[in-house]
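Taking it in order: structure first as structure tokens, then the write-up.
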Amino acid sequence: MSVDTATVAKIASLARIKVSEGELEAMVPELNGILAWVEQLGEVDVTGIEPMTAVIPNTLRLRDDVIDADPLTGGGKRDAVLANAPAAEHGFFGVPKVIE
Amino acid sequence: MTDITELGVAAIRDGVAKGDFTAVEVAEAFNANVAAAQDALNAFIVATPEKAVEAAKAIDARRAKGEALGKMGGVPIGMKDLFATHGVQTTAASHILEGFTPEYESTVSQKLWDAGAGMLGKLNLDQFAMGSSNETSYFGNVISPWKRNDGGNAPLAPGGSSGGSSAAVSARLCPAATGTDTGGSIRQPAAFTGITGIKPTYGRCSRWGVVAFASSLDQAGPMARDTRDCAIMLEAMAGFDPKDATSLDMPVPEWEANLSADMKGKKVGIPREYRMDGMDEDVLKSWDQGIAWLKEAGAEIVDISLPHTKYALPAYYIIAPAEASSNLARYDGVRYGLRDLPDGANLQDMYAATRAAGFGAEVKRRILIGTYVLSAGFYDAYYTQAQKVRTLISHDFKNAFTECDVILAPTAPSAAFGLGENVDDPLKMYLNDVFAVPASLAGLPAMSVPAGLNREGLPLGLQVIGKAFDEQGVLNAGLAIEQRAGFAAKPDKWW
């Protein structure tokens, strides 16, 4: 499988990365080089093999259903959460208008 | 008195405890080395000399009161700038996180401070840990302190992604540093700079507060001058963390106390598939030398097979970008980091412009590959297939470990290369990790130990891979190599 300019433009749009025409042209052969190389995985017989889900067997834990069980990751951290926002206004994240 | 900056973790810890020197003297000596090398090596993104001194003062005060000083008491370290540090800029060497000042501390760095370590600064790396030469950092390349012995002056790569860590430890800017390893990012830079580094079993070190690249692979570990120092620092870094869903709920073994270079009764596997066509002669020679050393240490050498080795790298370059594309979706110009809002732009335009301006070329490349292999219609052919191959790679190791206790292989296919030599061809760069990636895909502990110098006078590393949870076996084999290699070479100070 190989990608063309239109496909790369589509992927970039899905990934929310703006790319110029020139960048697009440069990326097509690069991505095709990588994709052609990973294609060799197709020759591996994987009949009956489950895809990996966890490299080290582990069980998923549930924490106790308690408010602020860990004060560090609990609630009441509005100012800390907003501290690095490029635009924080009135205790909220500021974004360009999304509703006309 | 000996130059304090020639000392490693154990010697500093013991010297401070005994009163041979104060922790403040240690911190100031390393602070001076950090400052003197910054222009030439660019190993740090931010230096924090005041933090190092502050931690050292606390240690000296504790000693004066007769209190215990901790596993890393009085040892100043470098912190890879992938670990969130409270109040100190954390960038992952990216523009998109430039100026990001965490409101919290990563679990691993907190554990190190709790163990008595102090921070010399935040170390440069490949952007979002994506790279093998530290040439993708937004804050400039790290220059290796090593030079070829050909009289030329070509600047060399310190390896990547933990290139600031490797350069800083080998140049004596810090006795040890944190690294992270997704597909070789601790081991390959350690090999390139003649230092020691271990990636523990996946889940040993908490990922909480570590900027995510590929979450099923990312694992933190120590980079230091020798095996003992790595064992000490790994004890301080490891441990169960309820804030990381994949953290191992197991006690941390006493790796330092149980170090033993006696390999009697141990079997060392030599994977025949790692002997590849056109391999560097010096790398092959050092591998053979490593085999001889382990035999001398009492080990039995066995030939083993890891049949899916050649598929590890392509599988990695599907899985890691896929996870990266998902993890890096969080950089949206809303919650933290850079925002690029062109005139009249809507929210979607803002996302796209922010991410275009904030990510470097290699990061974009990997996000696009990841987005593609996860997209509808291609998911099974690429991603599911890669995860099945990953299962097979893991099975290969399980089978091999029925016949041996540890595996010995080269760390990287070559010694350090020159800056700029591999940047035009992403695939050529990716091949650097051909021997490192299989253990990453299987979540196994693996370390790199310096084995000697090649004909150009550059360090070569040997890799020891162990069973899951058997860091001790890995460290012990590493120690056996270290004792016989007697690696004492260090870069001539030109900076």
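Where a number appears in this text, it was derived from the coordinates with a stated rule and is not lab data. Only a predicted model underlies this, so the values are computations on that prediction, with no experimental measurement involved. Cβ: placed from backbone, ideal geometry, glycine included. Neighbour counts: every protein chain shown.
For the residue pair B:ASP280 and B:ALA489, what label-to-label distance in nm results when each label sits 7 Å from Cα along the Cα-to-beta-carbon direction?
For the pair B:ASP280/B:ALA489, the computed spacing is 1.1 nm.
I need the phi-derived Karplus couplings for the stretch A:34-47: 6.51 cos²θ - 1.76 cosθ + 1.60, θ = phi - 60°, integer Hz, Gly and Pro marked x.
Calculated HN-Hα couplings, in order: 5, 5, 5, 6, 6, 4, 4, 4, x, 7, 7, 7, 10, 4 Hz.
Tell me the label-point distance for the pair B:LEU347, B:ASP20, using the 7 Å Cα-to-Cβ offset, in nm and rounded to one decimal.
6.1
Using a Förster distance of 22 Å, how high is the FRET efficiency between B:ALA357 and A:LYS77, based on the Cβ-Cβ distance and rounded to 0.05?
With a Förster radius of 22 Å, E is 0.15.
Okay, which of the stretch A:79-100 sit inside 15 Å, backbone N to the point 7 Å along the Cα-Cβ direction of B:ARG330?
Residues passing the 15 Å test: A:81-85.
Give me, ordered by chain and number, the residues 5 or more places off B:VAL46 or on other chains with an amide H under 5 Å from its own placed amide H.
B:LYS122
From the mean inverse distance of alpha carbon pairs (Kirkwood) and the Cα radius of gyration, derive Rg over Rh for the stretch B:271-368.
With Rh from the inverse mean 1/r over Cα pairs, Rg/Rh is 1.30.
Taking chain A on its own, what percent of its Cα-Cα pair distances exceed 22 Å?
Of the Cα pairs, 68 percent sit more than 22 Å apart.
Measuring from centroid to centroid over Cα atoms, what is the spacing of the stretch B:277-327 and the stretch B:102-149 in Å?
25
Averaging over every viewing direction, what projected area does the convex hull of the Cα atoms of chain B cover, in nm²?
Mean shadow area of the hull around the Cα atoms is 22.8 nm².
Contact order normalised by length for chain B, with contacts defined as Cα pairs under 8 Å and 6 or more residues apart; what percent is it?
For chain B, the relative contact order is 18 percent.
³J(HN,Hα) across the stretch B:392-404 via Karplus (A = 6.51, B = -1.76, C = 1.60, θ = phi - 60°), whole Hz, x for Gly/Pro?
5, 5, 5, 4, 3, 5, 4, 5, 4, 6, 7, 10, 8
Can you give the direction-averaged projected area of the convex hull of the alpha-carbon atoms in the stretch B:344-495, in nm²?
Answer in nm², one decimal: 14.5.
As a check on your grasp of the helix formula, calculate [θ] at 222 nm for the protein assembly as shown: sum -39500 (n - 2.57) over DSSP H runs of n ≥ 4, divide by the residue count, round to the nearest 500.
-11000 deg cm²/dmol
What Kirkwood Rh does the protein assembly as shown have if only Cα atoms enter the pairwise 1/r average? Answer in Å.
Its Kirkwood hydrodynamic radius stands at 24.3 Å.
In vacuo Debye scattering of the stretch B:1-129, one point per C-alpha: log10 I(q)/I(0) at q = 0.16 Å⁻¹?
Per q value, in the given order, log10 I(q)/I(0) is -0.77.
Once you compute Rg and the Kirkwood Rh from C-alpha atoms, what is the Rg to Rh ratio for the stretch B:132-250?
Rg/Rh for the stretch B:132-250 comes to 1.01.
Please work out the FRET efficiency for the pair B:LYS65 and B:PHE240, using the Cβ-Cβ distance as r and a Förster radius of 41 Å; give the result to the nearest 0.05.
That pair, B:LYS65 with B:PHE240, gives E of 0.85.
Determine which residues of the stretch A:33-73 fall in the zone a paramagnetic label at B:HIS395 would reach in this model, i.e. backbone nitrogen under 14 Å from the point 7 Å along Cα→Cβ.
Correct set: A:44-53.
Express as a percent, rounded to the nearest 5, the fraction of DSSP beta bridges in the protein assembly as shown (both residues included) that run antiparallel.
So the antiparallel bridges amount to about 70 percent of the total.
I want the local charge near B:ASP343. Using Cβ-Cβ distances under 15 Å, sum +1 for each Lys or Arg and -1 for each Asp or Glu among the other residues.
Charge balance in the 15 Å sphere: +1.
Only residues of the stretch B:115-136 count here: report those whose backbone N is under 17 Å from the spot 7 Å along Cα→Cβ of B:GLU421, or say none.
B:132-136
Where both residues lie in chain B, what percent of DSSP beta bridges are antiparallel, nearest 5?
70
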